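Before I ask anything, let me first share the structure, which is written out below as structure tokens.
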Amino acid sequence: MKQLEAFPRIPLAILPTPIYRLESISRRYGRNIYIKRDDMTGIALGGNKVRKLEFLLADAKAKGADVVLTAGGPQSNHAMLTAACAGKLGMKSILVLKKRGELAGGNLILDQIYHADVRFVDTDIYDDVYTEMERIMAELRSEGHVPYFIPVGGSVPLGCLGYVGCAREIAEQCQEMGIRFDSIVSATGSGGTYAGLTYGAKLFLPGIRSVGIGICDDPFADIALELMDGIRDLMDAEVSGEREDIHIEFEIGPGYAKPSPEGCAAVRRLARGEGILVDPVYTGKALAGFFRLLEEGYFEGDGDLLFVHTGGAGALFAVDLLPED
């Protein structure tokens, strides 16, 4: 099996990110609940995408790219972090985002600060966005540029290696801290982080359940399995992802990128009890799903639990929280 060190990687993140016990939340639920602060990866406002971009932008550099293109929604944390990381490496970024005239502020302000070329496509369908990206890349090539395409969320097997590495990091931290998690919970919006964590858990955290909280209705079980197959092939590993490894629950609310009462309540609970900020439409919804599963007894019989904070708090400054009940 190839080790992660065999793959080109540009160190962008400040690692390891901390793990610590959520004191207020643990008291509320009468058990040990920890958080992995991947919102503290050190670029912009932090977030999980930096781990993926370490591998993807190393590949872009190796291929001589001078322009990086990616896609997302108007408040995409992935798009914003791509612009930040690409700029750090001297590459131009073009962000092709769904819909126009929605959700001003937040990450769109950061996109401007990072001098990203932001272009909107008035659609809900990523195939339309990718068609526009192909057109832009053809235009760039005709001008002598070398573009590099990163799909939404950086969710390709190479990007997923970032979260295989995160699972290894968690295993090392568990050994240092003298703890063992029975379940690791993460937000799932494009599938790459979840697939990397789940495959990494098989390699470095055997017996631990990886639970994804889907914040849209994509077929994440199929997506994760396909990505895990790609990771296995990249790493030339004997370990395969199996259907029984996949544990996906959903917390969609009124729709993708739309705040829900439960997500907004979770934002407030974590902020007021722990001083930690999450956004209301991605990590906040995943947190709400985690709280709901706790209350439903989903983790009954488990010991310590870990929630992975994947970032995105910039959207707090673009999305109005729903009023409290």
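The values are calculated or read from the model by the stated rules, or taken from the named source; none is laboratory data. Because the structure is a prediction, the values reported are computed rather than measured. For neighbour counting, all protein chains shown are included, and Cβ atoms are generated from backbone atoms with ideal geometry for every residue, glycine included.
Taking the conditions exactly as written (more than 21 Å from the chain's Cα centre (by Cα), part of a loop (DSSP other than H, G, I, E, B) and assigned by TED's automatic domain parsing to the domain that holds Gly189), does Arg27 satisfy them or not?
no
Tell me, yes or no, whether region 178-195 has at least one residue that is out of contact with any helix residue (DSSP H, G or I) (no Cβ under 8 Å at 6 or more places or on another chain), touching a residue at least 40 places away in the same chain (Cβ under 8 Å) and in a strand (DSSP E or B).
Yes, that holds for at least one residue.
Determine, yes or no, whether Cys216 is touching a strand residue (DSSP E or B) at 6+ places or on another chain (Cβ under 8 Å), on the phi < 0 side of the Ramachandran plot and in contact (Cβ under 8 Å) with a residue 24 or more places away in the chain.
no
If Gln75 meets every condition in (1) assigned to a helix (DSSP H, G or I); (2) touching a residue at least 24 places away in the same chain (Cβ under 8 Å); (3) closer than 24 Å to Phe290 by Cβ apart from one, which number is that one?
If we test Gln75 against (1) assigned to a helix (DSSP H, G or I); (2) touching a residue at least 24 places away in the same chain (Cβ under 8 Å); (3) closer than 24 Å to Phe290 by Cβ, just (1) comes out false.
Being in a helix (DSSP H, G or I) and among the acidic types (Asp, Glu) is the filter; apply it to region 43-70 and report the residue that is surrounded by the most Cβ atoms within 10 Å (Cβ to Cβ).
Glu54
When you scan region 234-275, how many residues do you find that are assigned to a loop (DSSP other than H, G, I, E, B) and either surrounded by fewer than 19 Cβ atoms within 10 Å (Cβ to Cβ) or not assigned by TED's automatic domain parsing to the domain that holds Gly212 (or both)?
Going through region 234-275 one residue at a time, the tally reaches 12.
Taking the condition at positive phi, touching a Gly at 6+ places or on another chain (Cβ under 8 Å) and assigned by TED's automatic domain parsing to the domain that holds Thr310, does Gly284 pass?
no
Quick one: in region 111-129, of everything that is surrounded by 17 or more Cβ atoms within 10 Å (Cβ to Cβ) and part of a helix (DSSP H, G or I), which residue is farthest from the chain's Cα centre (by Cα)?
By that ranking, first place goes to Val129.
Go through region 296-325 and give me each residue that's in contact (Cβ under 8 Å) with a residue 40 or more places away in the chain, closer than 15 Å to Val185 by Cα and either touching a helix residue (DSSP H, G or I) at 6+ places or on another chain (Cβ under 7 Å) or not hydroxyl-bearing (Ser, Thr, Tyr) (or both).
Correct list: Phe299, Asp302, Gly303, Asp304, Leu305, Leu306, Phe307, Val308, His309, Thr310, Gly311.
Name the residue that is surrounded by the most Cβ atoms within 10 Å (Cβ to Cβ), counting only residues in region 13-42 that are closer than 18 Å to Tyr163 by Cα, aliphatic (A, V, I, L, M) and out of contact with any Leu (no Cβ under 6 Å at 6 or more places or on another chain).
Looking at the filtered set, the residue picked out is Ala13.
I would also like to ask the following. Give the residues of region 175-192 that are farther than 12 Å from Phe307 by Cα and either touching a strand residue (DSSP E or B) at 6+ places or on another chain (Cβ under 6 Å) or surrounded by fewer than 17 Cβ atoms within 10 Å (Cβ to Cβ) (or both), sorted by residue number.
Gln175, Glu176, Met177, Gly178, Ile179, Arg180, Thr188
Out of Val211, Val239, I need the residue that is among the hydrophobic types (A, V, I, L, M, F, W, C) and closer than 14 Å to Tyr194 by Cβ. Which one?
Answer to the check: Val211.
I'm trying to understand the selection: among the residues of region 96-110, which are assigned to a strand (DSSP E or B) and farther than 25 Å from Gly64 by Cβ?
Selection gives Leu97, Lys98.
Go through (1) modelled with pLDDT under 95; (2) in contact with a strand residue (DSSP E or B) (Cβ under 9 Å, 6 or more places away or on another chain) one by one and return the number of the condition Asp245 breaks.
Answer for Asp245: the failing condition is (1).
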